[in-house]
Amino acid sequence: MSKIDLNGDLIISTKTWDKDTNGLFDYCSKEIESKKESIRDTTCLIRENNSVKKGLNEGNKPGKEKLCNIIKENNKYLFENKIDFNMEPNEENIAKINNNLWYVINDNSKLNGGPDNKNKNPNYYLTNKDIIKLGRLKFNIIEESLYSGDKKYELNVPENASFINKQNSEQKAVFDMVKAVQCLLKENTEENILCRICYSEEDDKINNPMVHLCNCKGGINYAHFNCIKAWMKTKLGILRNRKGTIKTYYIPRFNCEICKKPYPFRFNLEGNENKIYELIDIERPRCNYIIMESLDQVKENNNNKYINVIKIINENDITIGRGIEADIKINDISVSRLHCKLNFNFSNKSLQLTDLKSKFGTLVLIQNSFELKEKENLIIQAGRTLIKAEVKEKKKIFACKKIKEEQKSKIEKENKNSFINKILKEDNKIAINLEDDLNKNLEKFFFAKIDKDIGEQIIEKESNNNSIDMELDIND
């Protein structure tokens, strides 16, 4: 038995890609450094250059980066994965979650060692609280309209789902996708503030309010809602798949042209949360559907926005990728041609996400700390490091030792009995041989004695006869 596989230990196997690119891990690369650690007590996983080791939590230092804390309690291992909820989906907060742990759905047989289920996580079923990462792009479901007859329902997580899947479904939303923005109230100011697009000071507080959506200040900070919407419409592109089940709304540079801050797709006014405004006119289908929105991805100071409206009319697969054969097309080099697929199951009302052996993997954000117990294993990703965590079964190891001891004792007992029986048999054989020899000797001695006695009697008799004959001769 290997020394590292100790009773009840947490075995951490890591693979680190040698390139630091947007927190990606290349599942097809050979330039990977592997490491294996055995953990028995509370510790911290630290990545130093391309190697992961356990150590003290000293925070991030030059050349060192903390991946996660691991706390041992009552033969359980707690992975700390703190995260805030209801955050504004801005560039800073979206970049922050890159440092959290992600659930791996990748099914790349070259890396994971073939079709062994121990090297794969269970299937994952999406809800409207999940954050999905495809390459370097992130998406979440912002709206679902699902009906069975007249009864509305939400996406379901089946019983056979992983414990991470069930835990995520019980959390709050990580991002508040409806941003509260400032609205110009003319009764609070004496200045004549103009819309920076149409240069008008007219203001409809309900249908066309003057809003402040970016970081610009001074006389250009306010613009009419409809003016910004019209400007975004000039850049809008709409893509449809061949089946007619997907409509993708794509807007490059979905941000302020001056300060470059990304615009929110949805927002409401501070103090009035009942009415929601949308900067893109989305056509809602009359059948069951879900809407997926890309989180702000700033590239060269420009934000590209994807809004995908997906009709749920059958259980056919919906593929996602940058290739022309994909149903949902995403124009980004970090997304594979066929990256992943969605499949809706009407019987259990679930939406399953499956990887299609993508280069940079299909990930789901783990939204809280989690525990690993005996016999449980999990594959997670922290930036450019892939982590496989497995808790060895304590009872199984003890049972093996007990069986070995019993077998050893039995063998020793059998050997001892066999040895004793062998000695007894040999002793019996010797005794029998001695007895036979003794009987033979006694018999020889007995017969020899008889022969001797008979001979002496014959000699004595002959001697007596000779004496009688001699006496007769003398008398004569």
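At-a-glance table
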item	result
Residue match in region 210-226 (condition: among the β-branched types (Val, Ile, Thr) and part of a helix (DSSP H, G or I))	yes
Answer residue from region 83-95, given it is modelled with pLDDT of 85 or more and loosely packed, with under 15 Cβ neighbours inside 10 Å and is farthest from Val181 (Cα to Cα) among those	Asp84
Some residue of region 32-49 being more than 27 Å from Leu78 (Cα to Cα) and surrounded by fewer than 15 Cβ atoms within 10 Å (Cβ to Cβ)	no
Of all residues in region 234-249 being in contact with a Ser or Thr (Cβ under 9 Å, 6 or more places away or on another chain) and not β-branched (Val, Ile, Thr), the one that is surrounded by the most Cβ atoms within 10 Å (Cβ to Cβ)	Asn241
Test: Val178 is in contact with a helix residue (DSSP H, G or I) (Cβ under 6 Å, 6 or more places away or on another chain), hydrophobic (A, V, I, L, M, F, W, C) and either at pLDDT 85 or above or over 30 Å from Leu378 (Cβ atoms) (or both)	no
Ile320, sole failed condition from (1) part of a loop (DSSP other than H, G, I, E, B); (2) more than 30 Å from Cys183 (Cβ to Cβ)	(1)
Wholly within region 27-78, strands (runs of 3 or more DSSP E) carrying at least 2 residues that are among the hydroxyl-bearing types (Ser, Thr, Tyr) and modelled with pLDDT of 85 or more	32-39
Of residues in region 203-235 being modelled with pLDDT of 90 or more and among the charged types (D, E, K, R), the one farthest from Gln182 (Cα to Cα)	Lys235
Unique residue being out of contact with any strand residue (DSSP E or B) (no Cβ under 9 Å at 6 or more places or on another chain) and of a type in the set (Asp, Glu) when the list is Glu154, Glu159	Glu159
Number of the condition not met by Lys110 [criteria: (1) within 32 Å of the chain's Cα centre (by Cα); (2) at pLDDT 90 or above]	(2)
Residues that are under 16 Å from Ile258 (Cα atoms) and among the basic types (Lys, Arg), drawn from region 203-228	Lys217
Residue in region 188-199 that is under 30 Å from Leu378 (Cα atoms), hydrophobic (A, V, I, L, M, F, W, C), outside any strand (DSSP E or B) and modelled with pLDDT of 90 or more present	no
Test: residue in region 274-283 that is surrounded by fewer than 19 Cβ atoms within 10 Å (Cβ to Cβ) and either under 26 Å from the mean Cα position of the chain (by Cα) or more than 30 Å from Cys259 (Cβ to Cβ) (or both)	yes
For Lys66: the one exception among (1) loosely packed, with under 14 Cβ neighbours inside 10 Å; (2) more than 30 Å from Leu213 (Cα to Cα); (3) not small (Gly, Ala, Ser)	(1)
Odd one out for Asn331 among (1) more than 27 Å from the chain's Cα centre (by Cα); (2) within 24 Å of Leu236 (Cα to Cα); (3) free of Cβ contacts under 8 Å to residues at least 60 places away in the same chain; (4) assigned to a loop (DSSP other than H, G, I, E, B)	(3)
Hits in region 319-337 - residues which are surrounded by fewer than 18 Cβ atoms within 10 Å (Cβ to Cβ) and of a type in the set (A, V, I, L, M)	Ile324, Ile333
Members of region 257-273 found to be in a loop (DSSP other than H, G, I, E, B) and crowded, with 20+ Cβ neighbours inside 10 Å, listed by number	Tyr263, Pro264, Phe265
Some residue of region 245-256 being over 36 Å from the mean Cα position of the chain (by Cα) and part of a loop (DSSP other than H, G, I, E, B)	yes
Pick from region 298-317, criterion part of a loop (DSSP other than H, G, I, E, B) and among the aliphatic types (A, V, I, L, M), ranking: farthest from Tyr153 (Cα to Cα)	Ile313
Where a residue in region 39-63 is small (Gly, Ala, Ser) and its partner, wherever it lies, is modelled with pLDDT of 85 or more and part of a strand (DSSP E or B), with Cβ under 8 Å and at least six apart	Ser51/Thr16; Ser51/Glu33; Ser51/Lys35; Gly55/Thr43; Gly55/Cys44; Gly55/Ile46; Gly59/Lys66; Gly63/Glu48
Conditions (1) farther than 23 Å from Asn348 by Cα; (2) assigned to a helix (DSSP H, G or I); (3) among the aliphatic types (A, V, I, L, M): number failed by Ile164	(1)
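The values are calculated or read from the model by the stated rules, or taken from the named source; none is laboratory data. Because the structure is a prediction, the values reported are computed rather than measured. Cβ atoms come from the backbone with ideal geometry, glycine included; neighbour counts cover every protein chain shown.
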